[in-house]
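Just so it is clear, none of the values below were taken in a lab; they were calculated from the coordinates. Computed from a predicted model, the values in this text were never measured in an experiment. All Cβ positions, glycine included, derive from the backbone under ideal geometry; neighbour counts span all protein chains shown.
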Ligand SMILES: Nc1ncnc2c1ncn2[C@@H]1O[C@H](COP(=O)(O)OP(=O)(O)O)[C@@H](O)[C@H]1O
Ligand SMILES: [Mg+2]
């Protein structure tokens with residue numbers, strides 16, 4: 001499946017057109033699970049609806065296999081979609097709703113009912129199959145809607161926030177089952193979500209969108225370790241990356257990263273490596289990003305003072321006053337300090353993310369971003 005420079009403009013002729021999707025290109029392999037991840041309004045649903053054929057593309061091409069499909073009606077694209085708003089047929093039971101999706105496959109009654117039962121088991125819908133949409137919970141309606149998409153044979157499955165209404169326990173169980181189902185059948189799927197845990201757990205690759213623009217399309221590990229820009233860096237990861245706008249001062253074999261003249265982080269030039277030092281000496285201002293898990297507490301470094309110390313059940317979140325702002329650190333164990341206690345914070349040179357003032361990534365530890373010459 002490919003998107004080639006796809007754009008969507010709503011109300012194109014109105015005074016204020018809405019640029020929902022801007023020039024998005026993506027190549028998805030057969031059998032791959034891809035997540036479209038981004039905050040509300042970033043263009044995820046619009047992208048999915050253009051692939052399914054429920055919205056026309058304003059510009060660009062969509063191919064499934066090598067077939068251009070962007071001019072075909074939905075029924076001829078070979079896609080199955082679970083809609084954000086479920087759109088079940090109210091006069092049909094959940095069983096009939098799911099079976100309805102099989103109409104065009106002209107299966108016998110026995111095979112239809114076998115397929116519906118299989119999907120109902122997968123989604124824990126068995127006991128509710130003979131009820132009508134208006135008499136079941138939002139989560140049950142949503143699972144029926146997901147079932148209606150999965151029960152069909154299609155080249156591509158498009159799932160728009162398919163688990164948003166489920167309580168966390170069930171969501172985690174169904175996430176695992178959905179992944180196993182897609183994998184066992186070798187299905188290709190695009191999952192829309194604003195939940196990064198869901199995207200990380202399910203997807204081979206994640207397309208991060210913001211403002212209708214594709215920010216980065218990469219594996220969960222690459223998004224975390226090598227975010228392409230400050231948006232992706234701060235959007236991916238919980239709690240978010242700490243960021244500081246600093247002036248790099250390179251002198252006497254030392255690199256000092258300063259905020260309003262005060263050093264936040266200091267390194268021997270040899271620790272950072274020639275590539276990164278060269279890059280820093282050429283810039284008046286950069287943004288450094290530090291993941292909370294990479295902050296070392298109490299082993300030297302810059303002074304900080306605890307603001308809050310929270311144990312969240314399996315991790316400590318420690319927020320400390322640092323420079324003109326704060327630094328958040330996560331630790332795997334309980335931490336004894338309380339508000340007001342002094343400590344030191346340190347970030348190993350190879351854990352530092354460096355971004356240009358404009359936001360694009362320059363380096364991740366010793367690895368320079370593509371396009372940044374040593
Ligand atoms: N049918 C429509 N008419 C006008 N604007 C729309 C329509 N659908 C979506 N939009 C706008 O397009 C932008 C992207 O929306 P959408 O694709 O639904 O985002 P997401 O699914 O990421 O929340 C938003 O600003 C939204 O208000
Ligand atoms: Mg949406």
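Listed values, structure above:
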{"read-out": "Using a Förster distance of 30 Å, the FRET efficiency for residue 334-residue 221 (Cβ separation, nearest 0.05)", "value": "0.60"}
{"read-out": "Of 37, 178, 223, the one that fluctuates the most in a GNM where the chain has Cα springs shorter than 10 Å", "value": "178"}
{"read-out": "Nitroxide proxy distance, nm - points 7 Å out along Cα→Cβ at residue 311 and residue 344", "value": "2.7"}
{"read-out": "Sequence ranges 235-241, 193-199, 279-285, 333-339, ranked by mean other-Cβ count within 10 angstrom, highest first", "value": "193-199, 235-241, 279-285, 333-339"}
{"read-out": "Tensor-based shape of the stretch 242-368 (alpha-carbon gyration tensor, a/c under 1.5 rounded, otherwise prolate or oblate)", "value": "prolate"}
{"read-out": "Net length gained if the chain between residue 132 and residue 293 were fully extended (0.36 nm per residue, minus Cα distance)", "value": "53.2 nm"}
{"read-out": "Fraction of beta bridges assigned by DSSP in the stretch 48-199 that are antiparallel (%, nearest 5)", "value": "20"}
{"read-out": "Protection proxy ranking, peptides 304-311, 185-192, 47-54, average beta carbon neighbours within 10 Å, highest first", "value": "47-54, 185-192, 304-311"}
{"read-out": "For the stretch 2-230, diffusion coefficient by Stokes-Einstein and Kirkwood Rh (Cα), 4 °C, 1.567 mPa s, µm²/s", "value": "71"}
{"read-out": "Mean ellipticity per residue at 222 nm, deg cm²/dmol - from DSSP H runs of n ≥ 4 across the chain, formula -39500 (n - 2.57)", "value": "-7000 deg cm²/dmol"}
{"read-out": "Calculated FRET value between residue 167 and residue 27, using beta carbons and R₀ = 45 Å, to 0.05", "value": "0.80"}
{"read-out": "Protection proxy ranking, peptides 315-324, 257-266, average beta carbon neighbours within 10 Å, highest first", "value": "315-324, 257-266"}
